[in-house]
Amino acid sequence: MATSFKSKLKQKEDLAEGTMGFYFAKPEGFQFKAGQYLDITLVDPPETDAEGNIRSLSIASAPEDARLLVATRMRDTAFKRVLRLAPVDLEVNMEGPMGSFTLHNNSARPAVFLAGGIGITPFSSIIRHATKTGLPHHLYLFYSNRRPEDAAFMNILNELAKANSNFRFIPSMSEMNKSAQKWNGETGFINQEMLARYLPTLQGPIYYVAGPPAMVTAMRQMLVTAGVDEDDVRTEEFAGY
């Protein structure tokens, strides 16, 4: 059940080029399910614009973590300029948790996560939680970005894959010609052929898709064309972030 409360910013972090993470104090007794989100409202900000002072942001930390972590692409909006420059202990209003983009209960069915860009945030929470609590679910994360420089949480996801034998991490880059880094992993966009290389079968898992609207639409169509039951596909669009 969502509740309204105040919180304070405790730490800022550059997660990738153009992406920042913000750690907020977690109120005593606040509980959420991995994959849920919060509404964050700036209180009397020094500037505002037509997009307003409220954003809905997925919680990227696990429910067991001491602080609430959110991450966002840093577009040039008043809300994000204020956050970028915010001092430690800036007070904000929060409402949450909200949303049902959470892991299914039946651990006999694998979970396949298809993430594009900042759509990684709910999966970050789910995978951290699954690893910390020893959930038996088999988890596959396909994570698409243009370049490694753009990909948030790469280090922690690689660490989680080493720590959790039930978790397989498959990142893919679509514009390595624009990157200054070396890359030995998958390239191109997530497609049926890529999934088939890593999944025992395409029918059977529950699929979760999060990213820009066009990516979410394309992934849903790809899965249905591959014979996946539409009831086994859950989606969350990240628009305008």
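The values are calculated or read from the model by the stated rules, or taken from the named source; none is laboratory data. None of the values given here were measured: they were computed from a predicted structure. Note: ideal-geometry Cβ built from the backbone for every residue, glycine included; neighbour counts use all protein chains shown.
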*Which one is nearest to Lys132 (Cα to Cα), of the residues in the range 31-54 that are in contact (Cβ under 8 Å) with a residue 40 or more places away in the chain and hydrophobic (A, V, I, L, M, F, W, C)?*
Ala34
*Out of (1) surrounded by 13 or more Cβ atoms within 10 Å (Cβ to Cβ); (2) in a loop (DSSP other than H, G, I, E, B), the odd one out for Glu149 is which?*
(2)
*Under 7 Å by Cβ, and 6 or more places apart or on different chains, what pairs join a residue from the range 55-80 that is under 17 Å from Ala2 (Cα atoms) with one that is basic (Lys, Arg) and surrounded by 20 or more Cβ atoms within 10 Å (Cβ to Cβ)?*
Leu68/Lys26
*Looking at Leu42, is it of a type in the set (A, V, I, L, M), more than 20 Å from Leu15 (Cα to Cα) and surrounded by 15 or more Cβ atoms within 10 Å (Cβ to Cβ)?*
yes
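Working only within the range 174-196, note down all residues that are in a helix (DSSP H, G or I) and polar (S, T, N, Q). Before you say what the answer is, go through the steps one by one.
Within the range 174-196, the first condition is being in a helix (DSSP H, G or I), and the residues that meet it are 176-178, 192-196.
Passing the criteria: Asn177, Gln192.
Could you check how many residues of the range 132-148 are more than 23 Å from Gln192 (Cα to Cα), of a type outside the set (D, E, K, R) and touching a residue at least 60 places away in the same chain (Cβ under 8 Å)?
First, pick out the residues of the range 132-148 that are more than 23 Å from Gln192 (Cα to Cα): 132-136.
Cutting the leftovers down to of a type outside the set (D, E, K, R) gives us 133-136.
Filter again for touching a residue at least 60 places away in the same chain (Cβ under 8 Å), leaving 133.
Residues that pass the stated criteria total 1.
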*Out of Gln192, Gln181, report the one residue that is touching a helix residue (DSSP H, G or I) at 6+ places or on another chain (Cβ under 7 Å) and more than 14 Å from Leu114 (Cβ to Cβ).*
Gln181
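Can we say Tyr23 is aromatic (Phe, Trp, Tyr), touching a residue at least 60 places away in the same chain (Cβ under 8 Å) and outside the structural domain of Leu135 (by TED's automatic domain parsing)? Outline the logic, then answer.
Values: aromatic (Phe, Trp, Tyr): yes; touching a residue at least 60 places away in the same chain (Cβ under 8 Å): no; outside the structural domain of Leu135 (by TED's automatic domain parsing): yes.
Considered against the rule, which asks whether it is aromatic (Phe, Trp, Tyr), touching a residue at least 60 places away in the same chain (Cβ under 8 Å) and outside the structural domain of Leu135 (by TED's automatic domain parsing), Tyr23 comes out as no.
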_Being polar (S, T, N, Q), within 26 Å of Ala151 (Cβ to Cβ) and surrounded by fewer than 14 Cβ atoms within 10 Å (Cβ to Cβ) is the requirement here; does Thr121 meet it?_
no
*Going by the structure shown, is Asp76 modelled with pLDDT under 95, part of a loop (DSSP other than H, G, I, E, B) and farther than 21 Å from Ala163 by Cα?*
yes
